[in-house]
Amino acid sequence: MLQGRKIRAPFFEIGPKQYLYGDQILELALAADRASKEFDIDVVFTTPFCDIRRVAEATERLFVFAPHMDPIPVGRGLADILPESIKAAGAEGVMLNHVEKPITFAVMQKAIARAKELGLQVLAIADTIEEAKAAASLNPTAITAEQSELIGSGITADESYISSTTNAIKSVNPDIIVLQAAGIKDENDVYKMIFDGSEATGTSSAVGLAEDPGKMAYNMIRAVRRAWDARHGG
């Protein structure tokens, strides 16, 4: 792991959530790291808190992200997630406002400010166009635009949602990388999402529930490279 890097488009995000744990997390991380190097695709690995240090120390190319943090200072806050702690463990960034860990706009504003103080990158989650524009006003590194009802459904967003949310975010800050996800079930979905215009995509359940999570991650990261090259005439 190298500190001080910046995520590049296209990238792929893997969020194991609680589908995997212990050695399973490490095995998936190592497989994703190998694919990241082979295909020269940045991979954000949104790591369960207990495994952040282990994954960060074992991998070279992954961007290890925490799945949440609380905008608290050093001191009180039993059971809260201290930003300094996730950085000390090896995280280079943090995911904020996932549908399974929602926060208010005011909390997101404070959390992104704390992340920037520490040099942590931020992947913010938004559902609607209005939420996407609001999140963009806080200038995170990237925004995941995903319709909550499609998460884990195996049904991806239509082209209208992809274009409208991407345009809304870019109208506020063109430098924010836009990730379109929700419902990604296989490498074909990954290919289509990137080829159709997304700068990044990702998955949780499709990898976490796969018979061979490492192989699924490899195939999806390979699909990002193939789609990006095809889209840009490579």
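When all C-alpha to C-alpha distances in the range 157-211 are sorted into bins of 10 Å, what percent of pairs does each bin hold, rounded to whole numbers?
24, 49, 22, 4, 0
Using a Förster distance of 22 Å, how high is the FRET efficiency between Ile129 and Glu159, based on the Cβ-Cβ distance and rounded to 0.05?
0.90
Quick check: residue separation of Lys37 and Lys6 times 0.36 nm, minus the Cα distance between them. What number comes out in nm?
Gain on stretching Lys37 to Lys6: 9.6 nm.
Kindly provide the helix-only [θ] at 222 nm of the chain, computed as the sum of -39,500 (n - 2.57) over DSSP H runs of four or more divided by all residues, to the nearest 500 deg cm²/dmol?
About -13000 deg cm²/dmol.
With no solvent and one point on each alpha carbon, what is the Debye value of log10 I(q)/I(0) for the chain at q = 0.11, 0.12 Å⁻¹?
Evaluating at q = 0.11, 0.12 Å⁻¹ gives log10 I(q)/I(0) of -0.49, -0.59.
Please compute the alpha carbon radius of gyration of the range 46-163, then divide it by the globular-protein estimate 2.2 N^0.38 Å. Two decimals is fine.
Cα Rg divided by the expected 2.2 N^0.38 Å: 1.10.
So between Asp186 and Lys101, what do we pick up on full extension, going 0.36 nm a residue minus the alpha carbon distance?
28.1 nm
Trypsin sites (Lys or Arg not before Pro), restricted to the range 39-95: which are DSSP loop and have at most 13 other Cβ atoms within 10 Å?
Listed in order of number, the matching sites are Arg76.
With each label point set 7 Å from Cα along the Cα-Cβ vector, what nm distance links Phe195 and Ser171?
Each label point lies 7 Å from its Cα, and together they span 2.9 nm.
Find the all-direction average of the projected area of the Cα convex hull for the range 1-85, expressing the result in square nanometres with one decimal place.
With every direction weighted equally, the projected area is 6.0 nm².
For the range 98-224, state the semi-axes of the equivalent ellipsoid (square roots of 5 times the eigenvalues of the alpha-carbon gyration tensor), sorted largest first and rounded to whole angstrom.
After scaling each eigenvalue by five and taking roots: 25, 16, 14 Å.
Where a Cα-Cα gap under 20 Å defines reach, which lysines qualify for Lys133, not counting those fewer than 8 residues away within the same chain?
In chain and number order, the partners are Lys101, Lys110, Lys116, Lys170.
Each reported figure results from applying straightforward, stated rules to the coordinates on display, with no laboratory input. All values derive from a computational prediction rather than experimental measurement. Cβ atoms come from the backbone with ideal geometry, glycine included; neighbour counts cover every protein chain shown.
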